[in-house]
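The values are calculated or read from the model by the stated rules, or taken from the named source; none is laboratory data. This is a predicted model, so every value here is computed, not measured. Note that we place each Cβ from the backbone using ideal geometry, even for glycine, and neighbour counts take in every protein chain shown. Accessible surface areas use protein heavy atoms only, side chains included; no ligands, DNA or RNA. Shrake-Rupley method; radii C 1.70, N 1.55, O 1.52, S 1.80 Å.
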Amino acid sequence: MRTQVAIVGAGPAGLLLSQLLGVEGVDSVVVERRSRAYVEARIRAGILESSTVDLLDAVGLGNRVHAAGDEHRGIYLQWPHERHHLDFVDLVGRSVWVYGQTDLTRDLGAARDAHGQQFAYEISDTAVHDIETEHPYVTYRDSAGVDQRLDADVVVGCDGSFGPCRSAVPERVRRTWERVYPYAWLGVLADVAPSTDELIYAWHPDGFALHSMRSATVSRLYLQVDAGASIDDWSDARIWDALAARLGHGQDGWELQRGPIAEKSVLPMRSHVSEPMRHGRLFLAGDAAHIVPPTGAKGLNLAVADVALLAPALVAMLRKNDPRLADAYSETALRRVWRCTHFSWWMTTMLHQSGDPFDAALQQSQLRWVTTSGAGAAGLAENYAGLPIGF
Ligand code: FAD
Ligand code: DHB
C-alpha cells in the first residue's frame, strides 16, 4: 500500500492530523494498535484550551464542543478554609472548555469516516524503516494476521508515550529529559452531578485533590496518592472520605455530593521531552515526543498544537515542494513544548505534597501570591487558557 503520509496512532494527534491534511488534499493512512472502540472509550483528558477550540472551529469540528461542551471562565484554587476564583476571561480574555477526550476522539473519527479516511486498527509489530531516505515505510501485521507494508513520503509518529516511533530516532541525535514525580493520581469517574460550577484545584496537607467534571451528571475527581499505590487499597468509601476532607466538605456551607463510582485507576506522573521532533522523514507529534504531568491539563492541548504546526508544514512540503516549515517544525514546536513542560511542572509542584515542610511553606506563599496578585493570577491564566498556536 502507498500513501503520502503514514500516521502511526489514532489518538487525538493522529486523527486530527489526518483531518487537517485531508482538507488540504494530502492523503494519509492511520494505523493503530488498539481497536477503534477501545480508543474511543479511553477516559483521559477533559479540558480544551481556547486555541484548541479555535482550531477545531476553523476546520469545522467545533460544533459538538459548542453544543455539548461547557465553557468555563476560570478555575478555583483553594487550601484549607480559603477558596479563590481565578477568572481567565477577565485576566487574559480567554476561556477553557470542558469536553471529554472520548467525545473529541469520536468527533474526529466521524469526520474522517465522512472523508473516506483509510484506517488499520488492531495491528501489531509496528516498525518504521528508512526514515533517513526519501522512501520511508511502516510495516505491521494487520488484524487478520497478514504482514503489511505501507510506503509513504513521510511517516508521523503520533503513537503516544509507549509507541515505537520515538526510539526510531537514532540515539546519536536523540536527547531526552525526564522527571519522575514521587506521587501519582488516583482518578475517579462518578455518576453524580458536579458539586461545583468550575474546576477546583485543592492544596491540602493530606495531598492534592481536583474536582473536575464531564457533564451535568458526571463528575471527574482526582486524588494525590503515593507513586506505586494500588487501587485495591482505595475502596470507594475511602476515596470519597479523602475527597471530602481535601476539597473542604462542610466549609462555608460547601458540600461534596457522593455517587456511584463508574471507573477508577492510578496514573503515574512524569515529565518527559524528547528532541528533535523530526529526524529525516520521520516527524513526532503529541505524547510520542513529550509527556507532562496532568496538573494544568496540557497534554491533549499540546498534542493538538503540535499537529496544528505540522499539518501546514507537511502540506507545503508535499504539495508545494517547500521544505521551510517542515525544517523549522521541531524547533518551533519545542518552544511551546518547553513552555507547557514548565507550566505543568510549576502547577504540579505548587499543589502536591512532597513531604518536606519547607516545600509546603513555599507552596502556601506561592498560592497566596497567585490568588492575590494580578500579575501572578494573569501568569497562571495565560498558561492555563493556552498561548496562541505558534507561540
Ligand atoms: P495518545 O492519545 O496516547 O494516542 C497514541 C495512540 O497510538 C494510541 O491510540 C495508541 O494505542 C497508539 N499506538 C501506540 N503504540 C502503537 C503501535 N506500536 N502501533 C500503532 N499504534 C500505536 N491532557 C489535557 O490536555 N487535558 C487534560 O485534562 C488531561 N487529562 C488527562 C487525564 C488523564 C487521566 C490522562 C492519562 C491524560 C490526560 N491528559 C490531559 C493527557 C492527554 O490524554 C494526552 O496528552 C493525549 O492523549 C495525547 O494524545 P496523542 O494522540 O499524542 O497520544
Ligand atoms: C482534568 C484533568 C486534568 O489533568 C486537569 O488538570 C483538569 C481536568 C479532567 O480529566 O477533567
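Once you list every other residue whose beta carbon is under 15 Å from the beta carbon of Ile75, what net charge do they have if Lys and Arg are +1 and Asp and Glu are -1?
-4
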Checklist entry - Across the range 81-92, in residue order, what do the Karplus-derived ³J(HN,Hα) couplings come to in whole Hz, using 6.51 cos²θ - 1.76 cosθ + 1.60 with θ = phi - 60° and x for Gly and Pro? => result 6, 9, 10, 10, 9, 9, 9, 4, 5, 5, 6, 9
Checklist entry - If amide H atoms are built 1.01 Å from N in the plane of the peptide, which residues on other chains or at least 5 residues away come under 5 Å of the amide H of Ala227? => result Tyr183, Ala184
Checklist entry - Which of the trypsin sites (Lys or Arg not before Pro) across the range 305-391 are loop residues per DSSP, with 16 or fewer other Cβ within 10 Å? => result Lys320
Item to check | Of the DSSP H helices in the chain, those whose Cα atoms cover at least 27 Å axially and whose Kyte score averages 1.0 or more | outcome: 299-319
Item to check | Of the trypsin sites (Lys or Arg not before Pro) in the range 139-189, those whose Cβ has at most 10 other Cβ within 10 Å and which sit in DSSP loop | outcome: Arg172
Checklist entry - Which of these, Phe88, Phe119, Phe162, has the largest mean-square fluctuation under a Gaussian network model of the chain (Cα springs below 10 Å)? => result Phe162
Checklist entry - Of the heavy-atom accessible surface of the range 101-235 (probe 1.4 angstrom), what whole percent is carbon and sulfur? => result 45 percent
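If you add up the charges near Val188, with Lys and Arg at +1 and Asp and Glu at -1, over every other residue whose beta carbon is less than 15 angstrom from its beta carbon, what do you get?
With Lys, Arg at +1 and Asp, Glu at -1, the net is +1.
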Next on the checklist: Going by amide H atoms built from the backbone, whose H comes under 5 Å of the H on Phe283, apart from near neighbours?
Outcome noted: Val155, Val156, Gly157
Checklist entry - What residues qualify as long-range amide H neighbours of Ile75, i.e. H under 5 Å apart, gap of 5 or more or another chain, H built at 1.01 Å from N? => result Leu86, Phe88
Checklist entry - Using the Karplus equation 6.51 cos²θ - 1.76 cosθ + 1.60 (θ = phi - 60°), what ³J(HN,Hα) coupling, rounded to whole Hz, does each residue of the range 269-276 give in order, writing x for Gly and Pro? => result 10, 8, 10, 8, 10, 10, 10, x
Checklist outcome for this item: The answer for GluC sites (Glu not before Pro) in the range 88-171 that fall in a DSSP coil and have at most 13 neighbouring Cβ atoms within 10 Å is Glu132, Glu134, Glu171
Checklist entry - So how much accessible area does Tyr38 have, in Å² to the nearest 10, using a 1.4 Å probe? => result 100 Å²
Checklist outcome for this item: Expected max-MSF residue from Asp322, Asp54, Asp142 in the GNM of the chain (alpha carbon, under 10 Å) is Asp322
Item to check | Whole-Hz couplings from phi, Karplus 6.51/-1.76/1.60, listed for the range 175-188; x for Gly and Pro | outcome: 10, 10, 10, 8, 9, 9, 8, x, 9, 9, 10, 9, x, 10
Checklist outcome for this item: Projected onto the charge dipole of the range 86-224 (unit charges on the beta-carbon of Lys, Arg, Asp and Glu, signs +1, +1, -1, -1), the Cα from Val180, Ser212, His115 with the largest positive-side position is that of Val180
Checklist entry - the range 344-372 to the range 101-144: how many Å between their Cα centroids? => result 42 Å
Next on the checklist: Just the number please: accessible area per residue for the chain, 1.4 Å probe, all protein chains included, in Å².
Outcome noted: 41 Å²
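Starting from the coordinates of the alpha-carbon atoms of the chain, obtain the Kirkwood hydrodynamic radius over all distinct pairs and give the value in Å to one decimal.
About 21.7 Å, per the Kirkwood formula over Cα pairs.
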Next on the checklist: Tell me the mean residue ellipticity at 222 nm calculated for the chain from its helices only (DSSP H runs of n ≥ 4, each -39500 (n - 2.57), averaged over every residue, nearest 500).
Outcome noted: -11500 deg cm²/dmol
